[in-house]
Amino acid sequence: MATAAKRENDAQWTLRTLLDEIARFGDHPALLTVAGETATVWTYAELVDRSRRLASGLCRAGLTPGEPVFLMGEASPGWVAVRLALGAAGALAVPCDHLSSAEEVRTLIADSGCRRAFVDAAFVPLLQEVTGGAVELHVMDEEAPAEGPPSWRTLLTQEPEALPPFDDTAPAMLIYTSGTTGAPKSFSLNSANIHANVAGLVAEGLIGPGDNVLLPLPLHHVYPFVVGLLVPLASGAAVVFPEGLTGPQIAQALRRGQASVIVGVPRLYGALVAGLEAQLAARGRLVARLFGALLDLSIWLRRRFGWRVGRRLFGPLLRRVGPRLRILVSGGAALEEKLIWRLEGLGWSVRNGYGLAETASTFTGNLPGRERIGSEGQPFQGGEVRISDPDDEGVGEIQLRGPNVFGGYRNNPEANRAAFTDDGWFRTGDLGCLDDDGFLYFRGRTKELIVLGGGKNVFPEHLERIYGTSPFIEEIAVLEHGGALHALVRPDIEAIRQSGTPRIEDSLRVALSSAAQHLPSYQRLAGYAIVREPLPRTRLGKYRRFLLPQIYERARSGAAPAQPATPSAADRAFLERPLARQVWKILAARYPKAPLALDASLQLDLGIDSLEWINLSLEFERRLGVHLVEDDLAEVDSLRDLVIMIERAAERPAMPAATPGGTAILDAERRHWIRPGHLGHRLLAAALFGLNWLIMKALFRLRRQGLDLPLPQGRFIIVANHVSDLDPLAMAAALPFATMQRIYWGGDVARLFSGPARRFFCRAVHIFPVDERSPATSLALAQEVLKRGDALIWFPESWRSPNGELQPFLPGIGTLVEESGATVLPAYIDGTFEAMPRWARLPRPHPITVRFGAPISAAELALGEEETAAARITRSLEDAVAELAPGD
């Protein structure tokens, strides 16, 4: 009897009864809006009173239960009051994303049949345009504009009035799916669906009066509305709205709103951890390493003993993020296990789960006393999960049954036949498995599954997590193209710039190839395209995958990002600047086929690399009288940046020009690196040469092939492939000591010149600094070495190959050979990749062979008529080195 009575009581729950329940919290804060340093508070008493009086006013104005009412605006107390009032009056709320296009709004209103709408004042013109005035409008802002539709407050009655009855099983909110696959559908949830989740989560006691719940998500989605708004209100907690959804605004709301809980999505928590790590990295390598070691220890203790020591280990850091923050709730997409452990290791409690909009946002969860990190938790509040047609690993379609499952899609019998089994279970279209204790593990979405030509199945989300680990990748989306895997990649330009390597495409190529080394061949990318605009996502962070193929085709064709049809007034004024007009004219003539736009990337859209930058800067100097220093390159990404930099350079005092060939003039400090060392340097070099020769022979059985001794006395360059940190050691051991005494190398300035001991070592073994942001200086040092009759060893790929295969040679070697006229010895180093690939920390014994080709003169390398002489030399050298590679 008790159970039956409880079920009867449950059946009567609606947003009207919710207002009755939460009225007991009285003067406790219910809603906090943070704007700068100010927090505006609505108490429970105020929220309940205004919602009841608005519901009364709506009914008095002719609203009847079941009537659809449109709702469009950013999260605010006004939005909440309107939404609760609609629920109390029995209306069918039709919430809409405030970022929707005019066409999307027009379709939604027509499909739902709304005759009333509550919108933010900013969207009034949009609603008037798409409805032609056929919909009655009220604005939800705190203060309505003097002209235009009236405020929602004009509907408030003096006192709450009796409201008409309605059936709690009637539709309470109309939902339109996010359209990740391009086919959005609509369906409704009733009060019983919503209550199943609200009651289930409130019963867990996760939060209560005194908790402040930060909600940085739009309320039109079911997940933030149910989990982020209704559950906190039913628990007596306060909901905190940030001023906006940028990182600084969320951080401000977290601190100013004294949030103890966040309801967010995985991308938010990934950004939170990345931000903390970036702050610590900025304080030095030692601090970053200490943090990493302590975090590893905290995670191990959490895994092994269940201890949460992060709050003690990282107390000062956590207090800066949010002094009261203790729980992170995640939904909307799967939260990666590795990220959960990092968050738990920092000291926060992570609560993630699984659900869909069709299940009123959640169905399973990791809850107190019933949690298993890596899983999506167990069902609660009477829900059931089963796996249909599991494979050998127990993975099959996730099917659900329970009180929170919706009743079906509107006016779509075909979709409903596909969505429900004959025995009434909801077919989610997702894949997963259950362990022996009933914990659910999400494995992917069948509708996003990529089936390759050979029958192999690939889940793009899984690969995106693997390929996206590089700090150089801001976003990556995997898709099928031509029967193989391809990807759209948005680079993190700032991270690449700070790495000291300005070549965007090379940074990405090496990052992707490195990530693929441990993947089976069918999961490796056959190609990728770089984009600069954010990839299309739903508001909860999922890719809108049906849009990816057309973006990929556009990016592969080299089309520029879409530009405004009409430049803004600010852009037109910018282009009227005298230097801006001249720069535009120079670039338009030099790159006639490239898309010119103020925000076009010089690298990605115009193809300007470091060597081309030298030539371009000389042209600016000749035609504009502006001298550009190499440090300027690090500050320039877009055409807009270039104009600003040239304007700034025009104000500098005149400086000596570069040589006609584009070579930088070397000062005494730079020449220091290519001067012969003193006795201490020579003694160290001899000792290192002998030790290296012994190690190479003993551990790696080094062999040399194809080299006729003695080597020529004049200037020459040894050009070789580059796959490992062992390459210089192998090359040094393959050459006589007498030769090594007159050979110089270029070394990465960031890796080799960071301290006195390293700089002393570099002087001893003839390494001079190479900074890819200063290509002219690097070439000038190399040319100076050759001019005096010494020799060079040059790795034209610059980067260590991520897969052992020969990479494209950079054009610097062609310029160097052309201007110096030096003879070139091609060489191929075989075996170092197997001994120590770029990701390995320590080498392992493996045979190494250094194979030399016949000397080639600069004139022979430059033969041909296509391209420039430097380009022909570069291509010829790449072919000569490739011919020395071992056959299959």
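The values are calculated or read from the model by the stated rules, or taken from the named source; none is laboratory data. Remember, predicted model here, so these are calculated numbers, not experimental data. Here the Cβ positions follow ideal geometry from the backbone for every residue, glycine too, while neighbour counts run over all protein chains shown. Surface areas here come from the heavy atoms of the whole protein model, side chains and all, with no ligands, DNA or RNA. Shrake-Rupley method; radii C 1.70, N 1.55, O 1.52, S 1.80 Å.
Number of residues in region 591-622 that are outside any loop (DSSP other than H, G, I, E, B) and modelled with pLDDT of 75 or more equals 1.
Screening Glu867 with (1) of a type outside the set (S, T, N, Q); (2) farther than 23 Å from Val510 by Cα; (3) crowded, with 22+ Cβ neighbours inside 10 Å gives one miss only, at (3). Scan (1) in contact with a Lys or Arg (Cβ under 9 Å, 6 or more places away or on another chain); (2) open to solvent by 30 Å² or more (accessible area, probe 1.4 Å) for the single condition Gly332 breaks and write down its number. Result: Gly332 fails condition (2) only. For region 37-77, a tally of residues being closer than 30 Å to Arg106 by Cα and without any contact (Cβ under 8 Å) to a residue 24 or more places away in the chain returns 1. Across region 834-852, the qualifying residues are those that are within 17 Å of Leu702 (Cα to Cα) and among the charged types (D, E, K, R), and the one among them that is most open to solvent (accessible area, probe 1.4 Å) is Arg844. Counting the residues of region 135-151 that are open to solvent by 80 Å² or more (accessible area, probe 1.4 Å) and not acidic (Asp, Glu) gives 1. Residues in region 87-134 that are surrounded by 14 or more Cβ atoms within 10 Å (Cβ to Cβ), in a loop (DSSP other than H, G, I, E, B) and free of Cβ contacts under 8 Å to residues at least 40 places away in the same chain: Ala91, Ser100. Residues that are among the hydrophobic types (A, V, I, L, M, F, W, C) and more than 27 Å from the chain's Cα centre (by Cα) do not occur anywhere in region 449-456. Please work out which one of (1) loosely packed, with under 14 Cβ neighbours inside 10 Å; (2) touching a helix residue (DSSP H, G or I) at 6+ places or on another chain (Cβ under 8 Å) is the condition Ala281 fails and give its number. Just one mismatch for Ala281, condition (1).
Being hydrophobic (A, V, I, L, M, F, W, C), open to solvent by 30 Å² or more (accessible area, probe 1.4 Å), closer than 22 Å to Pro808 by Cβ and more than 17 Å from the chain's Cα centre (by Cα) is not true of Leu547.
Residues of region 712-746 that are surrounded by fewer than 19 Cβ atoms within 10 Å (Cβ to Cβ), free of Cβ contacts under 8 Å to residues at least 60 places away in the same chain and not in a helix (DSSP H, G or I): Pro736, Gln741, Arg742. Beta carbons closer than 6 Å, at least 6 apart along the sequence or on distinct chains, pair a first residue in region 542-568 that is modelled with pLDDT of 80 or more with a second that is basic (Lys, Arg) for Tyr543/Arg537. The set of residues from region 268-307 being over 23 Å from the mean Cα position of the chain (by Cα), under 14 Å from Trp341 (Cβ atoms) and among the small types (Gly, Ala, Ser) comprises Ser298, Gly306.
In region 437-447 there is at least one residue that is buried (at least 17 other Cβ atoms within 10 Å of the Cβ), under 30 Å from the mean Cα position of the chain (by Cα), free of Cβ contacts under 8 Å to residues at least 40 places away in the same chain and more than 21 Å from Pro171 (Cβ to Cβ). Taking the criterion of being under 14 Å from Ile476 (Cβ atoms) and open to solvent by 10 Å² or more (accessible area, probe 1.4 Å), the residues of region 496-511 that qualify are Arg509, Ala511. On inspection, Asp748 passes the criterion of being closer than 27 Å to Ala885 by Cβ and either of a type in the set (Asp, Glu) or touching a Ser or Thr at 6+ places or on another chain (Cβ under 8 Å) (or both).
Among the residues of region 371-427, the ones that are among the acidic types (Asp, Glu), within 25 Å of Phe459 (Cα to Cα) and open to solvent by 20 Å² or more (accessible area, probe 1.4 Å) come to 5 in all. Report, by residue number, each residue of region 300-332 that is outside any helix (DSSP H, G or I), hydrophobic (A, V, I, L, M, F, W, C) and either more than 16 Å from Leu215 (Cα to Cα) or in contact with a Cys (Cβ under 7 Å, 6 or more places away or on another chain) (or both). Trp307, Val309, Phe314, listed by residue number.
Evaluate region 467-476: report whether one residue or more is open to solvent by 20 Å² or more (accessible area, probe 1.4 Å), outside any loop (DSSP other than H, G, I, E, B), among the acidic types (Asp, Glu) and touching a Gly at 6+ places or on another chain (Cβ under 8 Å). Within region 467-476, not a single residue is open to solvent by 20 Å² or more (accessible area, probe 1.4 Å), outside any loop (DSSP other than H, G, I, E, B), among the acidic types (Asp, Glu) and touching a Gly at 6+ places or on another chain (Cβ under 8 Å).
Taking residues in region 572-587 that are under 16 Å from Asp599 (Cβ atoms), and partners anywhere that are assigned to a helix (DSSP H, G or I) and open to solvent by 50 Å² or more (accessible area, probe 1.4 Å), not one pair has Cβ atoms closer than 6 Å while being at least 6 places apart or on different chains. Which condition number in (1) closer than 21 Å to Arg537 by Cα; (2) free of Cβ contacts under 8 Å to residues at least 60 places away in the same chain; (3) of a type in the set (A, V, I, L, M, F, W, C) is the one that Val213 fails? Single failed check for Val213: (1).
Only one entry in Ser56, Ser76 is over 23 Å from Ala199 (Cβ atoms), among the hydroxyl-bearing types (Ser, Thr, Tyr) and surrounded by fewer than 22 Cβ atoms within 10 Å (Cβ to Cβ), namely Ser76. When Trp341 is tested against the conditions (1) closer than 30 Å to Arg401 by Cα; (2) buried (at least 16 other Cβ atoms within 10 Å of the Cβ), the lone failure is (1). Out of curiosity, is Arg308 open to solvent by 70 Å² or more (accessible area, probe 1.4 Å), touching a strand residue (DSSP E or B) at 6+ places or on another chain (Cβ under 8 Å) and closer than 27 Å to Leu440 by Cα? Yes; evaluated as a whole, the condition is true for this residue. Take region 853-864 and flag every residue that is open to solvent by less than 50 Å² (accessible area, probe 1.4 Å) and in contact with a Pro (Cβ under 8 Å, 6 or more places away or on another chain). Matches in region 853-864: Gly853, Ile856. Within region 847-874, being over 21 Å from Asp708 (Cα atoms), touching a Leu at 6+ places or on another chain (Cβ under 9 Å) and either of a type in the set (D, E, K, R) or in a loop (DSSP other than H, G, I, E, B) (or both) holds for Pro847, Arg872. Answer yes or no: is there a residue in region 205-221 that is open to solvent by 10 Å² or more (accessible area, probe 1.4 Å), at negative phi and of a type in the set (S, T, N, Q). Yes - at least one qualifying residue is present in region 205-221.
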